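Student: Following this message is one structure expressed as structure tokens.
Laboratory data are not the source of any read-out in this text; all were calculated from the coordinates shown. Quantities reported herein were computed from a predicted structural model and do not represent experimental measurements. Glycine gets a Cβ as well: all are built from the backbone with ideal geometry, and neighbour counts include every protein chain shown.
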Amino acid sequence: MHDVARLAQVSVSTVSYVLTGTRPISGATRAKVLAAMTELDYQPNAMARGLASRRSRILGLLLPMDERGLGATETAFVTGAAAAASAVGYHLVLSPVGGGGDLDALRRLASQRMFDGVVLMEVQLADERVAALQQAGVPLVLIGRTGDTGGLSYVDIDFEQTVREAVAHLVGLGHRQIVYVNHSAETLASGYGPALRTRDAFVTAMTGHGLEPVMIPAEDSATGGRAALATAFTRTPDLTAVLAMNEAATFGILGELTARGRSVPDDVSVVSMVTSPQVAELATPALTAMTSPGSAMGRIAVEALVRHLDGSGDERHQQLLPCALEIRGSTAAPRGRQPMAADKEGTARRRAATRRRAQ
């Protein structure tokens, strides 16, 4: 840094301010410092800077993963978080530590102080990881919500509104026999927030329309989707619509419908919830979906965490984002029924909005 300061004819502290951004520096001075760094091939040592400042400038994104890895929908959360971290001079490290109840590994990671703060994903209603990180003094923001959100910062999907709009879309088309395919029974028993919140929201939405709610749990696989659809037809032989929040199972549902000679959407309509456009477009026909705001959620979570770390905001950030209904080819009025007039008008508006986004 002394060499850079000498060549640029500025003080060492000015070089430090250019590197850290802790004080405003004029464009001309910044350009001189950067030019001197380039000429001298000076690369600041991140670990040394961390030791001096007691900050690593590294954020952890704790995302439990299994052998399926990351799909397009999950990747949107990661890319949104990574872009937000990079924009303010932080690095983002994706870590599966803490999944499957491995709290000892999480505590070891927290004790190493590698992360200035963490964003926690796949949150359960009673999530022991939250208490473990709080006890270790690690600042955190949740993508998701625990049952008790007091004192916590989070950004989450508004599942109540999302399910209500999905059901309203199907009911407006004339569907009355609607089955919800959720995550697995094991996932529900573990207290996974999205699975439980959508279950309850589906019951509320269906009973609000005077309809019987039928929910089928499914393993997160195409095989699980096929089995769930078989169960659905056993319980609701006249079903005309399936609402699913299980991407892997959704493709099994579509395959099983084809195997049974059922056409989508003429015989059975399908809506996929919390889905990325990339996944929705993979299906044939393309899926009507409640599109996940994953990228925005990743960005908002990191921005809230950085505000806390930089001391620019002590208040807790708590925000819900709805999914957006995007109508594609997998939903239509059931045979022999016409959609309600109000839904015809709303569908036309949503189709036009979808076309504009595509352009």
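Student: Between 159, 115, 233, which gets the highest mean-square fluctuation from a Gaussian network model of the chain, Cα cutoff 10 Å?
Tutor: Result for the chain, Cα springs under 10 Å: 233 fluctuates most.
Student: Quick one: angle between helix 72-87 and the longest Cα principal axis of the chain, in degrees between 0 and 90, rounded to 10, please.
Tutor: So the inclination is approximately 20 degrees.
Student: What ranking, highest mean first, results for peptides 213-219, 318-324, 121-127 when packing means the other Cβ atoms within 10 Å averaged over each residue?
Tutor: Top to bottom by mean Cβ count within 10 Å: 213-219, 121-127, 318-324.
Student: Place the peptides 164-177, 194-207 in order of packing, highest mean first, counting for every residue the other Cβ atoms within 10 Å and averaging per peptide. Each step should come with its number before you reach the end.
Tutor: Values: 164-177: 21.6, 194-207: 19.7.
Per-residue mean Cβ counts within 10 Å order the peptides as 164-177, 194-207.
Student: Which cross-chain or sequence-distant (5 or more) residues have an amide H under 5 Å from the amide H of residue 142, H modelled 1.01 Å from N in plane?
Tutor: 120, 153, 154, 155
Student: Same structure again: Please figure out what share of the DSSP beta bridges in the chain is antiparallel and state it in percent, rounded to the nearest 5.
Tutor: On the way: 4 of 38 bridges.
Of the beta bridges lying entirely in the chain, close to 10 percent run antiparallel.
Student: Another question, if that's okay. What FRET efficiency, computed as 1/(1 + (r/R0)^6) with R0 = 22 Å and r the Cβ-Cβ distance, is obtained for residue 104 and residue 65, rounded to the nearest 0.05?
Tutor: Efficiency computed from Cβ-Cβ geometry: 0.75.
Student: Using only the alpha-carbon atoms, how far is helix 294-309 inclined from the longest principal axis of the chain? Give it as 0 to 90 degrees, nearest 10.
Tutor: The two axes meet at around 40 degrees.
Student: With angles folded into 0 to 90 degrees, how steeply does helix 222-235 sit against the dominant principal axis of the chain? Use alpha carbons for both and round to 10.
Tutor: 40
Student: In whole percent, what relative contact order does the chain give with Cα contacts below 8 Å and a gap of six or more residues?
Tutor: 18
Student: Translational D (Stokes-Einstein, µm²/s) of the stretch 62-177 at 10 °C and 1.306 mPa s when Rh comes from the Kirkwood sum over C-alpha pairs?
Tutor: Rounded to a whole number, D works out at 99 µm²/s.
Student: Taking 4 °C and 1.567 mPa s as the conditions, I'd like the Stokes-Einstein D for the chain in µm²/s, using the Kirkwood hydrodynamic radius from alpha carbon pairs.
Tutor: Here the translational diffusion coefficient equals 57 µm²/s.
Student: Can you give me the long-range amide H partners of residue 158? Hydrogens built in the peptide plane at 1.01 Å from N, cutoff under 5 Å, separation of 5 or more residues or another chain.
Tutor: 321, 323
Student: Moving to a separate point now. For the chain, set up a Gaussian network in which alpha carbons nearer than 10 Å are linked by springs, and say which option among 298, 255, 225 fluctuates the most.
Tutor: Comparing 298, 255, 225 in a Gaussian network model of the chain, the most mobile one is 255.
Student: How large is the helix-only mean residue ellipticity at 222 nm for the chain, computed as the sum of -39500 (n - 2.57) over DSSP H runs with n ≥ 4, divided by its residue count, in deg cm²/dmol to the nearest 500? Walk me through the numbers before you get to the answer.
Tutor: Values: 15 runs with 172 residues, N = 359.
Helix contribution divided over all residues of the chain: -14500 deg cm²/dmol.
Student: Also: Points 7 angstrom from Cα along the Cβ direction at residue 259 and residue 230: gap in nanometres?
Tutor: 0.7
Student: Measuring from centroid to centroid over Cα atoms, what is the spacing of the stretch 145-221 and the stretch 109-125 in Å?
Tutor: So the two Cα centres are separated by 27 Å.
Student: Long-range amide H contacts for residue 215: which residues qualify at under 5 Å (H placed 1.01 Å from N, peptide plane, sequence gap of 5 or more or a different chain)?
Tutor: Residues meeting the criterion, in which the H sits 1.01 Å from N, are 180.
Student: What FRET efficiency, computed as 1/(1 + (r/R0)^6) with R0 = 41 Å and r the Cβ-Cβ distance, is obtained for residue 284 and residue 88, rounded to the nearest 0.05?
Tutor: On the way: r = 42 Å, r/R0 = 1.01.
Rounded to the nearest 0.05, the efficiency is 0.50.
Student: Using a 7 Å offset from the Cα along the Cα-to-Cβ direction at both residue 189 and residue 23, what is the distance between the two label points in nm, to one decimal?
Tutor: 6.1
Student: Along the charge dipole of the stretch 102-237, which of 178, 162, 149 sits closest to the positive end, that is, farthest toward it, with unit charges on the beta carbon of Lys, Arg, Asp and Glu (+1, +1, -1, -1)?
Tutor: The listed residue farthest towards the positive side: 178.
Student: Above 21 Å lies some portion of the pair distances; for the stretch 141-257, what is it as a whole percent of all C-alpha pairs?
Tutor: 39
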